[in-house]
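Working notes for the structure below.
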Amino acid sequence: MIKKMILLAAVMLSSALIAATDDASVVLRENLWPSLERIPDFQAHQIAAMTDEMVKKDFVRSEHRMPFVEWYKAPEKPNGACMILISGGSYECCCDVGLVRRKWPKRFLELGYHCVNLVYRTPRAKGKDCHLSAWQDGQRAVRLVRSKAKEYGFDPERIGAIGMSAGGHLTTMLATSALTPSYEKVDSLDDLPCHINLAICKAPAYNTLTASSGIARPEDGTLFLDSLKVSSKFAFDAKTCPISFHHGGKDPYTPNGSTLCYRALRKMKVPAELHLYSDKGHGAYGLERAVEFMRQLNFDGKLGKATERRIYTGQFTERTERVDLWSGVKMPSAFSIHTNAPYLTWYVPKELKTKAIQIIFPGGGYFHCNASGEGLPAAEYLNKKGMTAVVVNYRVPRPPKGFAKHHVAWIDAQRAVRLVRSSAPARGLDPERIGAMGFSAGGHLTLMVSLSSTYNAYAPVDNIDRTTSCRVQWACPIYPAYALTDGSECPNTTGGNDDSAVHVEEFLFDVNTPAMCFLHGDADGWAAMNSVKTWERLRRMGVQCDLHTLAKRGHCFQFVASDGTGSATWLDRVWDFLLTKGFNK
């Protein structure tokens, strides 16, 4: 009954898309196997057809037994690479007509990619793994596409795949398990390798061990995070290629399946990206993030020279105002080692479009405060959007041995939030729409402020401290350091030891914990696992957050970046998050 309901819903959806998705750019269909008799594990109830074909009046199931690929017209300006497009449908049908016959080929053809749509056997084979038939057809399709590389003029080692839902799971199988044969050799075509060179997995289903039988497990990563395992179906072999995972935070086909796969790739040092979207359900989000991923890996052959991005012009700022944090009061924990008096600077936009305020904590390892390189470019971006920004210069360097490295900075950070909140009404701003953003050590400080606001870092020194909350309504930790116990004092050059303890003890994850947007370089010595494991913990708490990691990018990824990559557009991810959550109003 459930299978029939899934198929009926898919057919109804595709029926509504038929007129819009019939695509004349499909120029050739090629059968995957030499005959029906030679299809591995052939079962008579299976067919190979997209759901828009299945709803046509003249559709006859017995005439659609053979799985196939359909080639789209060649791109006008080929870039030497090819993309295989893979539909989802719970392995019960191929239903993503709007993606594989319209949206994806249109965009990839524009970018110069050859495009091939894989139509594999469905529904699921009886008595077999739910994905077996599709995996067999998928490995065969890669071999067929590779055999056509010279004829069509693309590189046989620049074959990528993109898939949605069950197709995302199949894409993960193709990306991680090419050295595991899914069927015995049929003919000479099977002498060719079936590995792909790049993968984009949209909302991949069944990627956890508990869901690998082919069911949704929305509780995965909430109740049993510590015992959750990646599916044993993935080999993660020597041919595993770079992968970009995309998942909605509320997807019942759990996003923790994507984080687990990402963690496995980090252990292998395979370049990867993870894009998680708060409050989103099951869907194919972030196509342009995938395009940026492909550009960063130079998969399209168009990666340009990286250029300096630490730019502040002031052209969108009406005025700046400096405010000392402890003016007229005794400064708590005033160690003689500190070389600066802490202060904050208001950056007021020329055109105020929102009453929200973004507080920014620069990084510097708690040894110095890199306000010009990190804080000011972010402030300028926000001023351009019409948002007020406040950059905080907290006390450095670190306090004497025996005190936590962030001890005094945390005091200054809580004070900064209270000062901003107390003066917001007089400035025409909303005291209940204040966010924290920080970089590196400042990202760690952002987590301290956001996760532990019910605990006072210092005794009150005036009425502002006694009556004003230091809670923030959102947070943007940008490549936060020190969140893992195995990376507390020195860079983790392995890119993140997945066997480390989850978080350092100072994070309370208290009742005031807000939604967050994490950004991290995939190759950061201060490991991306700082962000990933914190995201996982927050999802377990029911706090919906965004997370974006950037392939082959290290610490301070935004300082020097190439056009068309996520390192150049990273601030747009922050703004998208604010839009989604409604914080920018």
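The values are calculated or read from the model by the stated rules, or taken from the named source; none is laboratory data. Predicted, not measured: the structure shown is a model, and the values here were computed from it. As a convention, Cβ positions derive from the backbone with ideal geometry for all residues, glycine included, and neighbour counts pool all protein chains shown. What goes into the accessible areas is simple: the full protein's heavy atoms, side chains included, and nothing from ligands, DNA or RNA. Shrake-Rupley method; radii C 1.70, N 1.55, O 1.52, S 1.80 Å.
Taken over region 546-582, the residue count meeting the criterion of being surrounded by 20 or more Cβ atoms within 10 Å (Cβ to Cβ) and either over 23 Å from Pro271 (Cα atoms) or free of Cβ contacts under 8 Å to residues at least 12 places away in the same chain (or both) is 3. Reported count of residues in region 451-461, each being in a loop (DSSP other than H, G, I, E, B) and surrounded by 15 or more Cβ atoms within 10 Å (Cβ to Cβ), is 5. Quick one: would you say Gly248 is within 14 Å of Ala134 (Cα to Cα), among the small types (Gly, Ala, Ser) and open to solvent by less than 10 Å² (accessible area, probe 1.4 Å)? In short, no.
As a summary of the residue check, Tyr120 satisfies the conditions (1) in contact (Cβ under 8 Å) with a residue 40 or more places away in the chain; (2) out of contact with any Pro (no Cβ under 9 Å at 6 or more places or on another chain) except for the one numbered (2). Within region 472-486, the set of residues being at pLDDT below 85 and open to solvent by 10 Å² or more (accessible area, probe 1.4 Å) comprises Thr485, Asp486.
For residues that are surrounded by 13 or more Cβ atoms within 10 Å (Cβ to Cβ) and closer than 18 Å to Pro397 by Cα, scanning just region 335-347, find the one that is farthest from the chain's Cα centre (by Cα).
Among residues in region 335-347 that are surrounded by 13 or more Cβ atoms within 10 Å (Cβ to Cβ) and closer than 18 Å to Pro397 by Cα, the one farthest from the chain's Cα centre (by Cα) is Phe335.
Can you tell me which of His131, His114, His169 is more than 30 Å from Ile215 (Cα to Cα) and not aromatic (Phe, Trp, Tyr)? From the options His131, His114, His169, the qualifying one is His114. Scanning region 358-394 for residues that are β-branched (Val, Ile, Thr) and either within 19 Å of Leu447 (Cβ to Cβ) or open to solvent by 20 Å² or more (accessible area, probe 1.4 Å) (or both) returns Ile359, Ile360, Val390, Val391, Val392. At least 2 residues being of a type outside the set (A, V, I, L, M, F, W, C) and without any contact (Cβ under 8 Å) to a residue 60 or more places away in the chain is the threshold, and among the strands (runs of 3 or more DSSP E) wholly inside region 318-406 those reaching it are 343-349, 388-393. Here Asp52 does not qualify as outside any helix (DSSP H, G or I) and either out of contact with any strand residue (DSSP E or B) (no Cβ under 9 Å at 6 or more places or on another chain) or at pLDDT 95 or above (or both). Scanning region 530-575 for residues that are assigned to a strand (DSSP E or B) and not hydrophobic (A, V, I, L, M, F, W, C) turns up Asp546, His548, Thr549. Name the single residue, out of those in region 280-314 being more than 30 Å from Glu157 (Cα to Cα) and touching a residue at least 40 places away in the same chain (Cβ under 8 Å), that is surrounded by the fewest Cβ atoms within 10 Å (Cβ to Cβ). Selected residue: Glu308. Which members of region 129-163 meet the condition of being open to solvent by 10 Å² or more (accessible area, probe 1.4 Å), in contact with a Leu (Cβ under 9 Å, 6 or more places away or on another chain) and either closer than 23 Å to His247 by Cα or of a type in the set (Ser, Thr, Tyr) (or both)? The answer is Trp135, Ser147. Does Lys405 satisfy being among the basic types (Lys, Arg) and open to solvent by less than 50 Å² (accessible area, probe 1.4 Å)? Here the answer is yes, as Lys405 does meet what is asked. Here Thr467 clears all of (1) closer than 30 Å to Arg553 by Cα; (2) β-branched (Val, Ile, Thr); (3) open to solvent by 10 Å² or more (accessible area, probe 1.4 Å) except the condition numbered (1).
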